[in-house]
Amino acid sequence: MTASARNVVISVDMEGVCGVSSWVQVSPPEFGGLVSGAEYERTRLRMTQEAVCGALGALDGGADEVLIADSHDTMRNLIPEALDIPEELQERVRFVSGGDRPLSMVQGVEEPGVAALLMIGYHARAGTPGAPLAHTWNGFVRDVRINGQATGEPGLNALVAGHYGVPVALISGDDVAVAQVQAELGPGVVGVAVKRGLGMFSAVHLHPRHAQRLIRSGAKAAVSRSLNEAAAPYRTAWPARVELAFDHQARAAACERVPGITRIDAVTVGYTSPDALHLFQTFRMLAKVAEVRLDG
């Protein structure tokens, strides 16, 4: 981070948004299956409102500009007309939407002048007990370990941000996810729990408006701290050894064919990365390669 860095990127996911405890609430209806257009529309509105509160809080905390990265599934869930930013602040807030972008959920951290990354609406990593909709990236990644440490989407995204010298300043979502991220990235990350997890598909939620107020105040405190203190970007030791476990041996078999990838056991593959970008892009590639049919 440079001395003049005062911009903020907000990565907003959907599973950790207040009121969410089922896949049906976060599944875009064009994919078919267990979906509900009404449920999804309500959830994407709350997702947008939480992103707005994060942006306003960041500006309250001293940020010059805010870039909101729509980071759930198709990455086009935010409702532009519901980005309720006061007119005098609108030129200071932008948003990015659409999938298949170079840095995925944290697109924007590579821009000059970024002081902090805020993670809003996030969830716990795959296999976490008591955490609503806990998963990592998709439904079939069972575990990710970097230099022996288990991680999830927040950790992967934090490493990419750290590659560009950008620290994670805030995490919001369920209480289990917040505690997990603070344990991994450090207690200096401001946490805002908008619900208390009871299980994979249940939680005790705050009132959405109260949750949104907490996100705004948390973002203000997080950004103010980042701008006035020397927050350390998240990093690991390089070169890093990555182990990626799937839910089925056929997925590991497909990934094993990729040059540079080794088979560790029936469902696990591994690779070594010289830096965070190589680690992240290789992970994304393997997650795509592993999308094999299991029904013959």
Inset, instruction - Quick one: dipole size for the chain, taken about the Cα centre, charges +1 on Lys/Arg Cβ and -1 on Asp/Glu Cβ, in debye to the nearest 20. - result: 500
Inset, instruction - Using the 2.2 N^0.38 Å rule of thumb for compact globular proteins, work out how the stretch 137-271 stacks up: its C-alpha Rg over that value, please. - result: 1.24
Legend entry - Positive minus negative residues near LEU277 (Lys, Arg vs Asp, Glu; Cβ under 12 Å): -1
Legend entry - Accessible-area ranking of TYR164, TYR234, largest first, probe 1.4 Å: TYR164, TYR234
Legend entry - DSSP beta bridge pairing in the chain, given as percent antiparallel to the nearest 5: 45
Legend entry - Cα centroid of the stretch 99-116 to Cα centroid of the stretch 191-244, whole Å: 17
Legend entry - Nitroxide proxy distance, nm - points 7 Å out along Cα→Cβ at ASP100 and LEU34: 2.9
Inset, instruction - Evaluate the distance, in nm, between pseudo-label points positioned 7 Å from the Cα of GLN90 and of ARG235 along their respective Cα→Cβ axes. - result: 4.2
Inset, instruction - Could you go through the stretch 199-208 in sequence order and give the Karplus-derived ³J(HN,Hα) for each residue, using 6.51 cos²θ - 1.76 cosθ + 1.60 with θ = phi - 60°, rounded to whole Hz, and x for Gly and Pro? - result: x, 4, 10, 7, 6, 9, 9, 6, 5, x
Legend entry - Positive-end extreme of charge dipole, the chain - chosen from SER4, LEU244, VAL289 (charges on Cβ): LEU244
Legend entry - Selection from PRO154, THR262, ALA219, by position along the positive dipole direction of the stretch 144-268 (Cβ): ALA219
Legend entry - Nearest-20 debye value, the stretch 76-182 charge dipole, Cβ charges on Lys, Arg, Asp, Glu: 500
Legend entry - Inter-probe distance in nm under a simple model that places probes 7 Å from Cα toward Cβ, at HIS207 and LYS288: 4.6
Legend entry - Rounded percent of accessible protein surface that carbon and sulfur make up, the stretch 105-208, 1.4 Å probe: 56
Inset, instruction - State in Å² the accessible area per residue of the chain; use a 1.4 Å probe, count heavy atoms of protein chains only, and round to the nearest integer. - result: 42
Legend entry - Among GLY99, GLY61, LEU89 - extreme Cα towards positive end, dipole of the stretch 48-111, charges at beta-carbon: GLY99
Inset, instruction - Would you mind counting up the charge near ASP143? Only other residues with Cβ under 9 Å from its Cβ, with Lys and Arg at +1 and Asp and Glu at -1. - result: +2
Legend entry - the stretch 11-160: C-alpha gyration tensor shape, a/c 1.5 cut-off, then a/b vs b/c: oblate
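The values are calculated or read from the model by the stated rules, or taken from the named source; none is laboratory data. These figures come from a predicted structure and were not determined experimentally. All Cβ positions, even for glycine, are placed from backbone atoms using ideal geometry, and neighbour counts span all protein chains on display. Note: areas computed on protein heavy atoms with side chains; ligands, DNA, RNA excluded. Shrake-Rupley method; radii C 1.70, N 1.55, O 1.52, S 1.80 Å.
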